[in-house]
Amino acid sequence: MKADLVVKNAGQLVTVAGHSKKAKRGRDLGELAIISGGAVAVRDGLITAVGKTGAVMEQIELTGDGRIIDAGGKVVLPGLVDPHTHLVFAGSREDEFEMKIKGSAYLDILAQGGGILSTVRSTRAAGESELAGIGKKYLAEMLSQGTTTAEVKSGYGLTTDDELKQLRAIQALRDGQPVELVATFLGAHAIPEEYKENPEAFVGLIIDEMLPAVSRAGLAECCDVFCEEGVFSVEQSRRILQAAQRRGFKLKLHADEITPLGGAELAAELGALSADHLVAITRQGIEKLAASQTVAVLLPATTFCLMGEKYAPAREMIDAGVAIALAGDFNPGSSPVNSLPVVMGIACRQLKLTPAEALAAVTINAAHAIGRAISVGSIEVGKKADLVIFDAHDYRSIAYRLGTNLVEKVIKSGCLVVGG
Ligand code: NIG
Ligand code: FE
């Protein structure tokens with residue numbers, strides 16, 4: 001069999017195989033399918049063979065311009081998948097960082113016209129190419145830390161034109177850099193100042209004008225809503241998401257982050273791809289998610305950056321059979337963190353995930369949370385050859401060495417894009 005790339009001699013080839021159809025749950029979450037002394041063969045960007053180095057080398061014939069990368073006994077993982085980011089925005093919010101240190105609450109800052117609304121002002125003032133340029137820089141940081149696929153939301157425009165501008169910036173980000181992007185329309189991210197007195201009219205604008213325009217332009221695959229007290233109610237979220245579903249969008253939901261409103265239940269009821277945050281999820285919400293295919297995307301870096309005392313009840317969710325994933329939630333307010341290894345490190349320490357569970361949560365389960373598990377998230381024949389070589393001999397080092405970037409090489413669709 002011909003191969004144009006082989007990665008051989010991985011001390012631990014962590015395949016996370018066998019879960020492309022259904023996300024990992026319960027005890028299975030920590031079962032990683034590791035091949036010691038493993039190798040991966042690739043042809044035209046897709047994986048063609050996976051196994052012990054000797055067995056793979058016997059099967060393949062390298063093409064003329066083919067390349068062999070010797071992993072030298074190090075750890076090789078599937079490319080990491082970040083299923084929740086707000087990557088495209090202008091400005092930054094160091095002032096709020098300091099306010100939070102001194103005791104201001106996130107929702108109070110928002111209610112006073114700061115928070116998301118301050119980023120809305122700077123994003124509205126920025127042009128499309130400026131936004132794409134800023135996003136490109138952050139995306140390069142993510143790639144250098146192992147992320148090869150990421151979801152990216154709009155939600156800092158909050159007018160039809162500005163939301164479209166942000167989504168076009170996401171589209172422009174796809175050119176000239178290798179990270180694969182899934183775009184999400186998040187027009188329901190906050191009530192903009194001009195609709196403060198009439199939030200219902202803003203819900204109407206989203207349903208009657210924004211959703212049709214985004215759908216016509218074909219700029220987003222998913223639709224998300226920030227369902228929270230003082231932002232969008234469960235009933236408003238349901239109306240927006242159902243309208244989106246009718247137009248063919250897949251659904252996601254910022255749910256039960258600060259107040260237990262029942263967002264998890266709504267996400268499960270509507271068959272959403274994911275319900276995200278869930279710090280304040282109730283027992284009923286956990287049971288509804290466990291009985292659904294909706295993935296619980298947990299964002300422990302957000303809780304850490306908001307200096308929260310309470311984290312999402314991850315162990316309770318795992319024990320109840322909820323499929324969980326992890327994400328960075330990269331944004332200028334609640335989580336200026338775009339490193340999935342850092343998120344894994346926080347998840348192990350604060351959510352009490354084992355390193356193996358954290359790893360499955362940023363690969364195959366994260367891929368399920370964005371509807372991409374058929375093509376990415378594990379090392380299996382037929383999938384995209386997205387691989388990360390870490391300068392480590394034990395996969396647990398990645399979460400353990402919190403804050404040190406151990407990524408040595410990144411391969412996206414068979415191309416060496418970091419560490420050439
Ligand atoms: O997921 N919770 C709402 N949205 C973002 C925060 C965005 C911001 O603060 O700019 C989140 O944490
Ligand atoms: Fe978010």
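The values are calculated or read from the model by the stated rules, or taken from the named source; none is laboratory data. All figures in this text were calculated on a predicted structure; none of them were measured in a lab. Glycine gets a Cβ as well: all are built from the backbone with ideal geometry, and neighbour counts include every protein chain shown. Accessible surface is based on the protein model in full, side chains and every heavy atom, while ligands, DNA and RNA are left aside. Shrake-Rupley method; radii C 1.70, N 1.55, O 1.52, S 1.80 Å.
Numbers for the structure displayed
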read-out	value
Which numbered condition residue 254 misses (of (1) in contact with a Leu (Cβ under 9 Å, 6 or more places away or on another chain); (2) part of a loop (DSSP other than H, G, I, E, B); (3) closer than 20 Å to residue 369 by Cβ)	(2)
Test: residue in the stretch 125-141 that is touching a helix residue (DSSP H, G or I) at 6+ places or on another chain (Cβ under 6 Å), among the aliphatic types (A, V, I, L, M) and within 13 Å of ligand 1 (Cβ to nearest atom)	no
Residue check, residue 280 within 22 Å of the chain's Cα centre (by Cα), away from ligand 2 (no atom under 14 Å from the Cβ), free of Cβ contacts under 8 Å to residues at least 40 places away in the same chain and not in a helix (DSSP H, G or I)	yes
Helices (runs of 4 or more DSSP H) completely within the stretch 131-225 that count 1 or more residues being within 16 Å of ligand 2 (Cβ to nearest atom)	160-173
Any chance residue 273 is touching a strand residue (DSSP E or B) at 6+ places or on another chain (Cβ under 9 Å), within 16 Å of ligand 2 (Cβ to nearest atom) and farther than 29 Å from residue 108 by Cα	yes
Test: residue 343 is among the β-branched types (Val, Ile, Thr), within 16 Å of ligand 2 (Cβ to nearest atom) and either farther than 12 Å from residue 80 by Cβ or open to solvent by 10 Å² or more (accessible area, probe 1.4 Å) (or both)	no
Members of the stretch 123-161 that are free of Cβ contacts under 8 Å to residues at least 40 places away in the same chain, open to solvent by 10 Å² or more (accessible area, probe 1.4 Å) and touching a Phe, Trp or Tyr at 6+ places or on another chain (Cβ under 9 Å)	124
Residue that is under 23 Å from the mean Cα position of the chain (by Cα), away from ligand 1 (no atom under 16 Å from the Cβ), at negative phi and touching a residue at least 24 places away in the same chain (Cβ under 8 Å), where the choices are 243, 220	220
Members of the stretch 182-195 that are surrounded by fewer than 20 Cβ atoms within 10 Å (Cβ to Cβ) and either in contact with a Lys or Arg (Cβ under 6 Å, 6 or more places away or on another chain) or aromatic (Phe, Trp, Tyr) (or both)	195
Residues of the stretch 278-301 satisfying the condition of being within 20 Å of residue 367 (Cα to Cα) and open to solvent by less than 20 Å² (accessible area, probe 1.4 Å)	278, 289, 292, 294, 295, 296, 297, 298, 299, 300, 301
Residue in the stretch 240-251 that is open to solvent by less than 10 Å² (accessible area, probe 1.4 Å) and within 14 Å of ligand 2 (Cβ to nearest atom) present	no
From the options 119, 123, residue that is farther than 19 Å from residue 337 by Cβ, within 16 Å of ligand 2 (Cβ to nearest atom) and assigned to a helix (DSSP H, G or I)	123
Residue that is farthest from ligand 2 (Cβ to nearest atom) [pool: residues in the stretch 313-329 that are open to solvent by 10 Å² or more (accessible area, probe 1.4 Å) and either in contact with a Cys (Cβ under 8 Å, 6 or more places away or on another chain) or not in a helix (DSSP H, G or I) (or both)]	321
All positions within the stretch 315-334 that are among the aliphatic types (A, V, I, L, M), within 14 Å of ligand 1 (Cβ to nearest atom) and in contact (Cβ under 8 Å) with a residue 60 or more places away in the chain	327
Output for the stretch 254-264, where each listed residue is over 15 Å from residue 325 (Cβ atoms), away from ligand 2 (no atom under 14 Å from the Cβ) and crowded, with 24+ Cβ neighbours inside 10 Å	none
From 120, 75, residue being touching a residue at least 12 places away in the same chain (Cβ under 8 Å) and within 9 Å of ligand 1 (Cβ to nearest atom)	120
Of residues in the stretch 196-236 being open to solvent by 30 Å² or more (accessible area, probe 1.4 Å) and in contact with a Lys or Arg (Cβ under 7 Å, 6 or more places away or on another chain), the one nearest to residue 274 (Cα to Cα)	221
Selected residue [open to solvent by 10 Å² or more (accessible area, probe 1.4 Å) and more than 27 Å from residue 190 (Cβ to Cβ)] from 348, 305	348
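Listed here are the residues, each with its yes/no results for (1) of a type in the set (A, V, I, L, M, F, W, C); (2) within 16 Å of ligand 2 (Cβ to nearest atom); (3) closer than 30 Å to residue 309 by Cβ; (4) open to solvent by less than 40 Å² (accessible area, probe 1.4 Å).
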| position | (1), (2), (3), (4) |
| --- | --- |
| 43 | no, no, no, no |
| 90 | yes, no, no, yes |
| 97 | yes, no, yes, no |
| 113 | no, no, yes, yes |
